[in-house]
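Structure first, commentary second.
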Amino acid sequence: MTRANYHRLGWLWFAVLTLCTLWLGWMLRQGLPADTDLTALLPADRQAPLVERADRELGRGFENRFLLLLGDDDRVATTQALGKSLQTLVDEGQLAAIDWRELDLADADPHGWMGPWRYRLLTPQWQQTLDDGDGRTLVEPALRRLFSPTARPDPVADPFGLLDVWLSRLPQSPIGAADGLLTLDTGDQPDGRQWSVLIGELKGSPYDLPMQNALHSTLAQFQQQHPEAELLRSGLVFHAAAGARQAKHEMSTIGAASLLGVLLIIAFVFRSPRVLLQLMVPLLAGSLFALTLTLGLFGRLHLLTLAFGASLIGIAIDYVLHLQCDRAIAGRGFRLRRLLPSLVLGLISSVIAYVAQALTPMPGLRQMAAFAAFGLIGAWLTVVLWLPRFTLHASPFTDRLATRWWRLCQPRWQLPPWLALIGAIALVIVCAVRLTSDDSLELLNPSPAALMQDEQRVQQLLDRDTGSRYFLVQAENTQALLARLDALDAELDRAIADGLQIEYQSLAGSVPTMAEQQANLARVGKLYGAPLDDLVQRAGLPAEVARKARAQLGKSPPLTLDDWLGTPLGKLQQRLWLGRTPEGGVAATVVISGARGAAPDKVLRDLAGAQAGVEYVDRVERIGALLGELRRHTAVWVLAAMTLMTLALIGRYRRHAWRVIVPPFGATLIVLASFALAGVPLNIFNQLGLLLVLGIGLDAGIFNVEHARKPSAWLAITLSTLTSLLAFGMLAFSATPALHYLGLTCLIGLASVWMLVPWVRPVDPNRTQRQEIEHE
């Protein structure tokens with residue numbers, strides 16, 4: 001290539017990056033369109049949008065609200081202090097509302113807004129009684145109610161107390177009132193006491209940092225002032241805040257230590273701050289190129305893609321270091337074409353791994369692969385087209401260091417292929433026998449143990465479930481859905497009677513079908529016959545009362561689902577209603593709480609399987625299955641990429657190909673065997689770390705063979721490994737499970753790559769020198 005064409009390509013690449021900057025700025029004009037939905041990683045033909053909608057509806061209260069339980073001997077005073085402090089956040093616009101007094105949740109009397117529907121709502125027991133013709137047995141209880149000093153009887157509107165009986169079977173909130181405060185009384189539990197309840201409503205996102213900081217500061221100050229008070233927290237905002245504080249802490253410790261270590265190493269080796277700036281240029285260009293094209297292709301960016309795509313820094317810096325080391329030592333004798341074959345092979349080998357991953361049926365994996373591949377290509381083009389143009393003051397120290405380091409790391413003997421094969425077989429056997437996997441949801445949960453204990457205790461005290469298990473029920477229309485829900489409720493009742501220790505929340509218990517409402521109205525009509533006359537006579541009421549009561553039956557409108565969801569009681573069940581489905585039907589959920597385990601789950605799955613339009617969903621198990629599927633797909637395509645790269649390397653290096661393959665593949669086996677022996681289960685984040693190990697290991701193997709006798713190559717391999725260890729290996733000390741496993745994999749794998757490279761270096765210097773002359 002002529003110098004003129006080389007310069008044109010450099011300017012062309014500058015123009016491409018300029019267009020990327022403008023395009024990215026336009027796409028980000030309203031913020032980064034990010035996606036945090038894990039099921040977006042599933043294949044499009046297997047995604048369950050309705051299940052995701054159900055998950056969002058059931059989790060909406062957990063996301064938009066938070067709950068505090070306060071226990072203290074001086075409960076009234078401490079609750080008032082905390083309530084007023086939180087009210088300050090409402091006044092400042094940080095929170096939407098805070099409810100902690102009895103009047104905060106005072107609803108209108110249900111007898112007023114439920115009155116018109118009372119004649120269409122009967123409990124199963126009353127239905128059975130009236131169907132059996134035993135309406136007169138209800139007269140005596142009605143008489144006692146009419147003359148009870150604590151009741152508010154209405155002999156015309158509801159002489160038999162139909163509405164009171166029906167309301168008594170609805171799920172009752174465990175939160176009551178005492179001393180003018182919202183109160184949870186757990187006197188029937190072993191550690192029974194009265195807890196004050198404070199319910200907060202967020203004004204915006206639970207991930208809003210200013211709001212998180214204000215809420216955290218308020219609660220921390222309260223606990224400092226009242227150390228004897230016990231405060232339990234529940235809500236996504238506390239988990240998000242804990243994760244943000246942990247990330248900030250790790251950035252200021254692990255991140256700062258890693259960055260400082262990289263800066264010190266680069267400064268020590270090259271003795272020039274200019275080199276450090278030049279190292280950043282390809283990384284920034286690659287990130288810009290990757291972010292722009294990925295957003296342009298996919299429209300949205302999954303946050304896991306950003307975390308995974310960061311691995312391109314560890315690989316892309318390899319190209320920069322090889323070029324800079326060769327330049328620093330060769331000085332004016334530096335020629336790019338001498339390194340170009342190795343750089344091209346390094347890029348191809350790394351991109352093949354990601355292209356193979358892009359062929360998976362998993363949209364999330366395709367997006368990750370595209371981001372990493374684009375980033376590597378962008379960084380590589382910047383290294384080749386721009387860095388040789390920059391001037392570099394070569395320090396003699398770098399040359400001396402490279403020579404001494406190369407001599408110091410020469411092994412006394414070479415690794416025979418047969419010995420490497422035996423070692424690989426032994427490691428494979430260890431992995432096959434002892435390696436396990438873990439796809440649990442805990443991998444994605446960065447919350448501290450104390451906060452998780454608070455969350456579990458609050459749920460236990462309230463006897464409520466966040467909706468992690470439910471039945472998803474679908475039907476053609478609302479009436480068919482209510483009938484299907486009613487049939488499911490009947491099966492659940494039978495299972496509970498047989499010993500299944502669960503509770504459930506269902507719309508069918510609140511809104512009967514139109515047919516059942518009409519039947520209930522007919523039953524009440526019979527009750528308002530002779531039994532009503534008997535009641536009026538025995539109560540000493542005028543006969544006119546019975547006539548007026550019967551006239552009310554003709555004014556009873558049907559109760560629709562929309563009517564019910566618009567009532568104060570119905571709003572508590574709005575999360576169960578999903579509305580219209582993409583197929584044109586309607587859907588709702590039945591939330592399950594109570595006993596967990598294989599046996600209860602089997603019963604619930606069998607119930608769902610026996611009925612049309614009913615699906616049992618366990619959110620925790622579902623996410624675990626998602627992570628497991630993602631892990632298996634990643635493993636399959638990593639193996640495919642390794643096979644393709646092996647074939648390509650054999651085509652170039654023939655009988656020396658094993659020297660290129662051993663560092664990355666050997667390091668992979670060492671990582672897996674180490675996990676197997678230590679009892680560390682394999683998960684998706686281990687495998688994402690292995691991709692980084694493979695990429696850096698292949699680059700090291702290629703340069704080790706192409707430039708076997710060049711100290712600059714070994715110095716670059718060492719620097720690449722060391723900087724990647726500092727950038728990623730130190731994540732092993734992270735308290736976030738996902739980052740910990742990614743870092744642990746990189747720590748073991750990259751160290752193994754570096755140790756294996758010298759043992760597989762070619763021993764024939766004459767042959768190596770001839771190869772380099774041919775390449776030049």
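No value in this document is a laboratory result; all are computed from the given coordinates. Remember, predicted model here, so these are calculated numbers, not experimental data. Glycine gets a Cβ as well: all are built from the backbone with ideal geometry, and neighbour counts include every protein chain shown.
For the charge dipole of the chain, defined by +1 on Lys and Arg C-beta atoms and -1 on Asp and Glu C-beta atoms about the Cα centroid, which residue among 371, 392, 644 has the Cα displaced farthest towards the positive pole? Most positive-ward Cα: 392. Adding -39500 (n - 2.57) for every DSSP H run of four residues or longer, then dividing by how many residues the chain holds, sets the calculated 222 nm ellipticity at -20500 deg cm²/dmol.
Which order do 195, 126 fall in if you start with the one that has the fewest other Cβ atoms within 10 Å?
Values: 195 25, 126 20.
Listing 195, 126 from fewest to most nearby Cβ atoms yields 126, 195.
Tilt of helix 449-462 relative to the longest C-alpha principal axis of the chain, in degrees (0 to 90, nearest 10)? So the helix axis and the longest Cα principal axis differ by about 20 degrees. With Rg/Rh (Cα atoms, Kirkwood Rh) in mind, check [x] 1.11; [y] 1.16; [z] 1.20 and report the label derived from this structure. So the calculated entry is the one marked [x].
When Lys and Arg each count +1 and Asp and Glu each count -1, what net charge do the other residues less than 15 Å away from residue 215, Cβ to Cβ, add up to? Kindly include the intermediate steps, with their values, before the conclusion.
Working: positive: 65, 84, 203, 233, 245; negative: 63, 91, 92, 201, 208, 454.
Charge balance near residue 215 sits at -1.
When 431, 746 are ordered from fewest to most other Cβ atoms inside 10 Å of their Cβ, what list results?
Numbers: 431 19, 746 28.
Fewest-to-most ranking of 431, 746: 431, 746.
Could you list the GluC sites (Glu not before Pro) in segment 393-482 that lie in coil according to DSSP, counting only those with at most 16 other Cβ atoms within 10 Å of their Cβ?
Values: sites: 442, 455, 476; in loops: 476.
Counting only loop positions with at most 16 other Cβ atoms within 10 Å, the GluC sites (Glu not before Pro) in segment 393-482 are 476.
Distance from the alpha carbon centroid of segment 608-657 to that of segment 208-230 works out to 44 angstrom.
Got the relative contact order for segment 487-572 handy, in percent, Cα pairs under 8 Å and 6 or more residues apart?
Working: 28 pairs, mean separation 25.0, N = 86.
Once normalised by length, the contact order is 29 percent.
Counting pairs of Cα atoms in segment 74-228, how many percent are more than 28 Å apart? Roughly 46 percent, rounded to a whole number.
Over the chain, what is the relative contact order in whole percent, taking alpha-carbon pairs under 8 Å and six or more residues apart? It would help to have the intermediate numbers written out before the result.
On the way: 1068 pairs, mean separation 155.9, N = 776.
Reported as a whole number, the value is 20 percent.
Run the reach check for residue 248 against lysines, Cα to Cα strictly under 30 Å, same-chain hits fewer than 8 apart removed. What comes back? Filter leaves 84, 203.
Qualifying GluC sites (Glu not before Pro) in segment 514-599, where qualification requires a DSSP coil assignment and no more than 11 other C-beta atoms within 10 Å, comprise 583.
So if I place +1 on the C-beta of Lys and Arg and -1 on the C-beta of Asp and Glu, and nothing else carries charge, what would the dipole magnitude of the chain be about its Cα centre? I want it in debye, nearest 20.
For the chain, the charge dipole is close to 4760 debye.
Taking a sphere under 15 Å around the Cβ of residue 204 and counting the other residues whose Cβ falls inside, with K and R at +1 and D and E at -1, yields a net charge of -1.
Over segment 408-514, the alpha carbon radius of gyration divided by the compact-protein estimate 2.2 N^0.38 Å works out to 2.15. Farthest toward the positive end of the dipole of segment 579-734, out of 684, 611, 696, is the Cα of 696, where the dipole comes from beta carbon charges about the Cα centre. Overall, segment 48-142 carries a charge dipole of about 280 debye about its Cα centre when +1 sits on the Cβ of Lys and Arg and -1 on the Cβ of Asp and Glu, all other atoms neutral. Along the chain, the longest continuous region that contains none of the trypsin sites (Lys or Arg not before Pro) in a DSSP loop with at most 10 other C-beta atoms within 10 Å is 30-411. Here 556, 148 are placed in order of increasing Cβ neighbour count within 10 Å, fewest first, which gives 148, 556.
Could you give the dipole magnitude of segment 112-211 about its Cα centre, charging the beta-carbon of Lys and Arg +1 and that of Asp and Glu -1, in debye to the nearest 20? Charge dipole of segment 112-211: 260 debye, to the nearest 20.
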